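What follows draws every value from the coordinates through simple rules; no lab data is involved. Here the structure is a predicted model, which means the values were calculated and not measured. All Cβ positions, even for glycine, are placed from backbone atoms using ideal geometry, and neighbour counts span all protein chains on display.
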Amino acid sequence: MAAAGNGAAVAVSRVGPLEGEGMSSTPRRPLHRCVAAAGAFGLAAALAVGTSAAAVAAPLAHGGAKTPAIGAHPHYQVAGHATPAAPPTFTCQVTTPAQCFGPAQIRAAYGVDKLAAKGLNGAGRTIVIVDAFQSPTIASDLATFDALFELPDPVFNQIAPDGLTPFDQNDGNMVGWAGEITLDVEWAHAIAPAAKIVLVLAKSNQDEDILSATRYAVDHNLGDVISQSFGENESCVAPDIARAQHALFARATLKGITLLASSGDQGSAQLDCAGETFVKAASSPATDPLVTAVGGTLLDANGLTGVYNGEVTWNEPDFAAASGGGFSVDFRRPIYQVLAQHNRGRGVPDVAYNAGILTGVLAVWSSSGLGDNLVFRFGGTSAGSPQWAGLVALTNQANHGRVGFLNPTLYALAATPAYRTLFHDITVGDNTFHGDTDIAGFPAGRGWDAATGLGSPKADALVPLLARLH
């Protein structure tokens with residue numbers, strides 16, 4: 001497929017969701033009963049959708065390709081250089097409103113700093129990140145990122161189960177994935193700085209290669225949570241690959257592995273299967289009911305202190321970018337969404353996180369071809385998936401074990417009075433795609449919507465409660 005897929009958008013890249021409905025007015029049940037019922041039925045129903053595990057062993061036809069939102073020909077925005085002065089202040093942090101954030105500001109905005117004060121840092125847990133190709137500078141970039149933003153160095157390993165493809169600086173597709181890798185690794189670490197990180201690299205971004213790398217991570221039980229900051233139009237995934245992927249996700253879920261994926265960066269649109277034009281569609285693997293899909297917001301917070309001011313739906317028409325969202329044509333509405341939305345298809349996203357290009361996060365990246373130790377501003381729903389993976393690591397640490405499949409519990413909590421204490425409910429904006437031709441999206445509203453899901457986390461309240469309920 002052509003460039004401009006899902007996941008991460010580097011700050012000035014052209015990068016885009018959908019219609020949402022509020023929560024049902026059905027009478028609320030006691031919290032523990034609601035969570036238990038949704039958990040049992042939600043998992044069973046989600047596992048039932050798809051095909052048998054035997055499909056994994058069948059030969060796979062050549063399918064499409066996954067892309068990060070930075071695309072194959074991205075535009076980058078350099079925020080500055082990594083200097084010995086730590087922590088630094090970048091110009092984009094001191095504008096009004098702030099136009100970029102470092103780890104300290106994001107951690108403060110979402111309440112992660114309050115969890116750290118209670119000793120939750122991801123210790124003893126492992127985050128798995130699946131990406132394609134490689135970034136030859138990721139280990140040194142991570143070390144520089146840590147020194148710059150005063151974070152501890154993690155235990156970090158890279159695995160290329162099908163072989164490591166040599167890096168070609170002149171291949172825009174590889175460079176785009178190198179940026180994706182940079183964002184994913186550094187920002188999963190920023191949220192859970194004591195967690196181990198395992199980067200599993202597919203030999204290419206072809207669907208079968210991504211599936212093979214993910215299968216290795218699941219079969220070898222490499223970690224507690226898997227982050228997938230990529231995607232494509234779900235209708236462009238070959239049927240046998242789609243069945244094999246769902247069967248693999250079922251095996252992961254039964255092992256207690258939490259699955260996350262970015263919902264996409266072209267709002268209600270995805271590229272058609274020829275990669276020539278945008279059509280109304282949702283993104284795979286985010287549409288799988290066993291995956292927690294992460295959409296995007298525009299965060300308004302103090303660029304120096306991180307004090308939270310508010311959020312709206314991520315939609316930046318100047319970049320043809322907005323929070324990915326909509327309704328699946330491959331998967332039926334799972335039981336955990338029965339009270340949340342009335343479409344027949346599985347709705348995405350489930351949750352949200354800051355994804356703005358002009359409110360992006362800072363990362364150190366040396367394999368861009370523009371120079372060593374440069375600090376870039378990244379946006380896109382790619383930023384949310386690894387950070388939610390960090391939140392899962394914190395939850396698992398608090399739980400002293402894996403919390404596993406999140407969706408039934410998240411939606412059950414949203415049907416209780418506790419909802420507004422656990423999430424920032426995003427009610428402003430929509431995810432209409434503004435490209436050469438506009439594709440109508442979905443408005444944000446009270447409760448779940450197909451632009452920002454249930455909203456962004458109030459981590460200091462949500463993480464401890466998720467840990468107690470599992």
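Okay, here's what the table says:
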| read-out | value |
| --- | --- |
| Segment 128-239: C-alpha pair distances exceeding 17 Å, % | 53 |
| Computed over segment 9-469, the ratio Rg/Rh where both radii use C-alpha atoms and Rh is Kirkwood | 0.93 |
| Sorted by Cβ density within 10 Å, fewest first, the residues Ile159, Ile181 | Ile159, Ile181 |
| Among Ser268, Val294, Val279 - extreme Cα towards positive end, dipole of segment 209-304, charges at beta-carbon | Val294 |
| Net charge dipole size for segment 408-462 [Lys, Arg +1 and Asp, Glu -1 on Cβ; Debye, nearest 20] | 320 |
| Whole-Hz ³J(HN,Hα) from phi, Karplus 6.51 cos²θ - 1.76 cosθ + 1.60, for segment 352-360, glycine and proline x | 9, 6, 3, 9, x, 6, 8, 9, x |
| Computed magnitude of the charge dipole of segment 127-267 (debye, nearest 20; Cβ of K, R +1, Cβ of D, E -1) | 540 |
| Ala143/Ala440 FRET efficiency (R0 45 Å; Cβ-Cβ; nearest 0.05) | 0.50 |
| Point-charge dipole on Cβ atoms (K/R +1, D/E -1) for segment 9-469, about Cα centre, debye to 20 | 1900 |
| Pairwise Lys count, segment 9-469 - Cα closer than 23 Å, eight or more residues apart or different chains | 7 |
